[in-house]
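Here the structure is laid out as structure tokens; the discussion comes afterwards.
The values are calculated or read from the model by the stated rules, or taken from the named source; none is laboratory data. Everything numeric here is computed off the predicted structure, so don't read it as measured data. No Cβ is skipped: glycine too gets one built from the backbone with ideal geometry, and neighbour counts run over all protein chains shown. Ligands, DNA and RNA are stripped out before the accessible areas are found, and what is left, the full protein with its side chains, is counted by its heavy atoms. Shrake-Rupley method; radii C 1.70, N 1.55, O 1.52, S 1.80 Å.
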Amino acid sequence: MKFLTDFRFALRSLGRVKGLTVTVIVTLALGIGANAAIFSVVRGVLLKPLVNREEDRLIYIRQSAPGLRAANANFSVPEIQDLRARARSVTGFGEFSTIGFTVVGLGEPRVVRAGVVDGSYFDVMGLRPVLGRLLGPGDDGPKAAGAAVLTYRFWTTALGSDPSVIGKVVRLGTRSATIVGVLEPSVPYPSETEIIANIVTSPHHLSATMVTGRVHRMTELFARLQPGATLESARAEFRTIHGAIVQEHPDAYPRNADFRIDAVRLRDQITSPARTVLLVLLAASGLIFIIACSNVANLILARSVRREGELAIRAALGASAGALRRTLLVESLVLCGAGAILGVLIARPMVAILARYASRFSVRALDLTVDSSLLLVGVVLAITAAILLAFIPRLPSTDASKGFALSNGSVRITTGTNRRLRLFAITQIAASFVLLAGAGMLLTSLIALQSAPTGFNTHNVLALNVPVMSYGRTPDQVIGFYKETMRRIGELPGVERVAVGALVPWRDAGTFGPGFQFTVEGYAKGVGEDDPRAQFRTVSPGFFAALGVPIVAGRDFSDADRRDGERVVIVSQSLARRMFPNEDAVNRHLTWIDPIMKFIDVSPTPRRIVGIAADVDDQNVVPGPAVNVYHPMDQEIGGGRLFVHVRSDPYALVAPIRRIIRDLSADQPVERPATLDDIRAEVLAPDRLNTLVFGGFAGVALLIAVVGVAGVLAFSVSARTREFGIRLAIGSALRHLLGRVLGEGAVIAIAGIVTGAAAGYLLARFAGSYMQSIRMPGALPVISAAMLLVVAAILASLMPASRASRVDVIQALRSE
């Protein structure tokens with residue numbers, strides 16, 4: 001009953017200060033909404049259980065080679081066989097190879113991201129079908145019929161949840177397969193696959209080079225722990241087994257490569273790429289909440305000073321301290337409850353935006369939806385804020401005489417109240433400084449990435465994925481297809497040059513791993529030096545001209561560089577300088593000596609260097625030295641990427657190009673058309689999103705902090721009207737009053753910046769001990785953030801300062 005009475009009183013009281021009520025509710029809504037949204041994403045990505053049966057027993061086994069800069073070197077079939085035969089701490093292994101299939105039979109021909117798995121994979125992973133069945137031991141072996149399972153996301157989005165797809169026969173590359181089932185919604189790891197097929201659908205997986213090649217590593221490995229076994233015991237066993245394998249096969253594990261093995265829980269493996277960025281976002285949203293609460297605390301405290309007369313009268317009439325505190329608590333609950341409701345409404349669209357952002361770091365965020373945790377977080381934050389705000393104001397003494405003394409309506413700000421007001425404002429500035437410095441660091445990094453030179457003509461070059469279709473075609477027919485495609489496209493109006501390459505710059509980065517070992521005639525490596533490595537590229541004649549890459553020595557490829565002619569290559573400028581710093585590399589012979597070459601059908605025949613091309617780093621947005629070896633398309637089958645240099649709008653040619661290719665081959669996919677400019681922008685999208693998200697947080701924090709500083713100074717000016725009147729009456733210059741108020745704003749800002757710098761430094765050091773990717777911002781972001789806050793604080797002080805300058809001396813002296 002008392003609560004209802006207090007509730008009605010709170011509504012009437014807040015109704016009399018509508019401006020303050022709206023400001024408090026909106027401020028709290030921003031703080032609560034940001035935190036509720038971030039927590040929902042953090043819970044969905046980092047904390048929510050996987051659908052996999054007994055997920056705590058699922059582990060991911062990783063082989064790495066730090067000496068080759070390979071954080072994940074994958075496994076070969078012989079290595080998996082050795083582990084399977086010797087390991088006792090797991091009940092089974094699941095094998096997964098990521099591959100691209102050209103699918104014919106499911107609507108338009110398309111290239112899908114696929115997984116090739118063994119028959120034990122789904123059982124080890126603990127997954128179930130929602131339609132049909134999954135692959136099992138009966139689907140293993142070279143004589144098994146081709147079978148495939150659709151992932152739930154692909155089935156629902158691309159095929160409209162069509163149940164009749166079960167039993168349909170499709171073509172996957174060069175083999176046929178029957179769709180046998182649809183996988184339940186689950187985390188698409190190790191890659192965002194659309195189809196998962198058995199091994200027989202990939203001829204390469206059945207080849208002797210795959211089955212017997214110990215260095216042919218392209219399979220990721222999962223396992224399920226034995227009941228009672230621990231991750232630590234399994235990890236120790238794997239390291240013992242791996243050490244023995246390395247000793248038995250020294251040729252496959254060069255000492256300088258430093259091959260290692262490790263095992264982690266599947267959940268940790270899935271979430272680790274997103275953990276740092278999400279925890280940083282959670283910290284940022286926490287700072288927003290602190291800023292919001294500090295700002296609201298300022299407003300509540302200022303109002304409580306104005307209400308001291310009212311509270312003193314109630315105390316004089318017999319109201320206990322508990323009753324007065326309950327009144328303040330109910331008012332805080334009303335404000336915070338309304339803020340929480342609005343905050344949850346704001347948070348729902350924020351979850352969708354943040355989920356898309358987080359999906360760039362973890363596939364687990366792809367299908368993230370809003371759940372009840374959003375409401376729960378809103379309620380918890382609202383109650384926390386309400387309790388905090390209810391106990392900030394100082395209650396008056398119950399002495400009746402003091403109560404009536406304060407009832408005359410004057411505002412007197414005590415030293416303690418003044419100190420608390422400034423403390424809250426400094427807290428807001430400090431938290432804003434941390435966010436602004438972090439956002440500034442991201443912005444400077446983004447500007448550096450965007451302004452880095454590329455070495456390419458990125459404006460007028462259109463890139464399209466036209467994958468090699470080897471189904472029913474000989475190598476000569478494949479080359480003939482690309483040549484005829486280039487000829488016909490070259491006849492289109494506005495087309496200047498057409499070429500074929502092996503990969504699209506930046507978008508296909510990492511396709512060929514750390515590169516392959518080679519040697520060059522006349523080059524002698526030093527004692528203990530590793531054989532040099534280079535990236536393998538296949539291009540058509542005219543490739544360099546189409547992308548605007550100059551040939552700095554020798555010549556370009558020509559139609560005379562045929563399969564039955566002399567083997568030739570073009571090397572990058574960095575490779576030539578590294579091998580022969582004071583000599584000419586042209587006409588020397590280069591030979592591939594990497595053992596992996598025999599598995600990808602590249603002959604060890606020496607090749608004459610006929611040209612040197614300017615460096616183009618197609619792997620990194622910020623280019624480094626490019627160590628590349630280019631082969632003519634006629635001599636080393638490759639391709640799959642089409643480059644069209646045009647004079648006008650590149651996208652206007654997409655439809656004519658697609659028609660030309662489909663006329664030549666009706667089943668040929670033509671996908672992902674984009675200019676190199678847009679591809680580079682796409683690769684930079686995560687960095688841009690980082691900047692936008694943290695910049696948004698910093699902007700909100702700055703806005704709230706500015707309002708807080710202005711509010712503190714406005715209240716200070718209001719409480720010191722008589723003081724200012726007296727100063728003016730005794731001859732104080734107006735500019736001195738203005739300077740005094742502006743100086744107070746600057747002092748608050750500087751105190752907040754110093755506090756924020758110290759707190760940010762300690763926070764970064766603490767976080768850096770757990771997350772190595774955390775780094776300190778440079779001088780420019782820090783100085784810029786500090787200057788912005790000082791300027792903002794001074795601007796926020798202008799209105800209170802202007803008010804102080806307009807004080808009426810006579811009215812001020814009569815105010816008491």
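A rounded overall shape is assigned to region 34-148, the ratio a/c of its alpha-carbon gyration tensor axes (a ≥ b ≥ c) being less than 1.5. Between the C-alpha center of region 187-248 and that of region 75-92 there is a gap of 7 Å. Just the protein heavy atoms count here, and of the accessible area of region 534-680 at 1.4 Å, carbon and sulfur take up 50 percent.
In this rough spin-label picture, where each label sits 7 Å from Cα along the Cβ direction, the residue 614-residue 211 distance is 5.0 nm. Other residues with beta-carbon under 13 Å from the beta-carbon of residue 549 carry, at +1 per Lys or Arg and -1 per Asp or Glu, a net charge of -2. Based on the alpha-carbon gyration tensor of region 170-248 and its eigenvalue square roots a ≥ b ≥ c, which shape applies: rounded if a/c is under 1.5, prolate if not and a/b is larger than b/c, or oblate? Oblate shape, in that a/c is at least 1.5 and b/c is the bigger or equal ratio.
In the full protein context, region 623-686 carries 36 Å² of accessible surface per residue, based on a 1.4 Å probe and ignoring ligands, DNA and RNA. Counting 0.36 nm for each residue step from residue 564 to residue 255 and taking away their Cα separation leaves a gain of 107.4 nm. Extension gain, residue 603 to residue 5, is 206.3 nm, computed as 0.36 nm per intervening residue step minus the present C-alpha separation.
In region 10-136, taking the dipole from charged Cβ atoms about the Cα centre, the farthest positive-side position among 134, 29, 50 is held by 29. Here region 1-96 has 61 percent of its accessible surface on carbon and sulfur atoms, given a 1.4 Å probe and all protein chains in place. A 1.4 Å probe run over region 186-282, with the rest of the protein chains in place, finds 41 Å² accessible per residue. With a Förster radius of 35 Å applied to the C-beta separation of residue 184 and residue 240, the computed FRET efficiency comes to 0.45. Fully extending the segment from residue 525 to residue 449 would add 23.9 nm, taking 0.36 nm per residue of separation and subtracting the current Cα-Cα distance. In order along region 104-116, phi translates into HN-Hα couplings of 10, x, 10, x, 4, x, 8, 9, 10, 7, 10, x, 9 Hz, rounded to whole numbers, per the Karplus curve 6.51 cos²θ - 1.76 cosθ + 1.60 with θ = phi - 60° and x for Gly and Pro. Can you figure out the FRET efficiency of residue 384 with residue 345, using R₀ = 22 Å and their beta-carbon distance, to the nearest 0.05? It comes to 0.70.
For region 581-634, the square roots a ≥ b ≥ c of the C-alpha gyration tensor eigenvalues yield an a/c of 1.5 or more together with a/b not exceeding b/c, which makes the shape oblate.
Taking a straight line from the alpha carbon of residue 483, these aspartates and glutamates sit under 19 Å away, with near neighbours fewer than eight places off in the same chain left out: 491, 496, 556, 559, 561, 564, 634, 636, 663, 667, 671. Computed FRET efficiency, Cβ-Cβ of residue 584 and residue 487, R0 25 Å: what is it to the nearest 0.05? Here the calculated transfer efficiency is 0.10.
Shown for region 133-216: the carbon plus sulfur share of the solvent-accessible area, taken with all protein chains present and a 1.4 angstrom probe, equals 58%. Counting only DSSP beta bridges with both residues in region 145-266, the antiparallel share comes to about 65 percent.
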